[in-house]
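Single-structure report; data block below.
The values are calculated or read from the model by the stated rules, or taken from the named source; none is laboratory data. What you see is a predicted model, and the numbers here were worked out from it, not measured in a lab. Here Cβ is always computed from backbone atoms with ideal geometry, including for glycine, and neighbour counts include all displayed protein chains. These area figures cover heavy atoms from the full protein model, side chains too; ligands, DNA and RNA do not enter into them. Shrake-Rupley method; radii C 1.70, N 1.55, O 1.52, S 1.80 Å.
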Amino acid sequence: MSTRSQLRFVHRNESAAEQNSTNRIAQVYRHSDGYPKSVLRDLAQLKQLLEKTRTERGPSYAAAQFIFLETLSSMGLYIDEGRDRSIRADQPDDLLDPSNMAHLEQPLFLLGHGVENPVNGIHGDEEYLYVVELPTRTPFDEPAEWTVKVSDHAGFPRWDGPTDSAFEQASWQFQGSLETALEELQAESA
């Protein structure tokens with residue numbers, strides 16, 4: 001069963017009005033594994049990668065990189081291991097050839113995420129909302145803490161159609177650093 005979620009990537013030091021007026025919100029739909037244990041683990045992995053490679057560039061880049069890493073990590077689930085071919089790291093264009101996916105009924109790794117228009121809110125069938133607050137920094141600054149907000153399970157308006165006020169009306173089970181969220185919410189689910 002899918003656990004759908006929406007993640008909003010924002011700059012921490014901007015108000016909601018500033019983010020909306022400067023179009024600084026990047027919103028991602030995640031079709032499955034949207035429960036806190038999974039999302040927070042993936043965000044921590046993303047943060048670590050961006051810090052080590054010094055490629056953190058703000059909300060839109062983080063959202064795009066989140067989708068990219070999610071696609072890469074889920075791709076292996078859909079490769080037919082019974083075939084005589086494997087994806088080789090030295091030939092990444094192998095992945096871009098649709099004929100290499102003909103054996104898949106539907107390559108779901110291409111469908112598991114979407115870029116959303118924050119004005120439209122959410123679909124209405126999500127179970128969790130997340131706000132990922134990134135520090136305002138330059139590529140030359142030292143890594144800084146990410147903060148997150150994690151909604152209560154279905155703790156926001158849900159109906160069929162755009163729910164543009166869901167993030168404003170959500171009840172939040174956690175607000176704080178990503179590291180603390182990992183410790184507290186993973187301990188609860190264990």
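A few points about this structure:
- For the stretch 157-171, taking the residues that are outside any loop (DSSP other than H, G, I, E, B) and of a type outside the set (Asp, Glu), the one that is most open to solvent (accessible area, probe 1.4 Å) is identified as Gln169.
- Any hit, the stretch 2-13, residues being modelled with pLDDT under 85, open to solvent by less than 40 Å² (accessible area, probe 1.4 Å) and in a loop (DSSP other than H, G, I, E, B): yes
- 1 or more residues touching a Leu at 6+ places or on another chain (Cβ under 9 Å), at pLDDT 80 or above and closer than 19 Å to Gln45 by Cβ: qualifying strands (runs of 3 or more DSSP E) within the stretch 72-156: 128-134, 147-151
- Pairs where the first residue, in the stretch 108-128, is under 18 Å from Ile25 (Cα atoms) and the second is in a helix (DSSP H, G or I) and hydroxyl-bearing (Ser, Thr, Tyr), C-beta under 9 Å, 6+ apart: His113/Thr71
- For Arg57: the one exception among (1) modelled with pLDDT of 70 or more; (2) touching a His at 6+ places or on another chain (Cβ under 9 Å); (3) assigned to a loop (DSSP other than H, G, I, E, B): (2)
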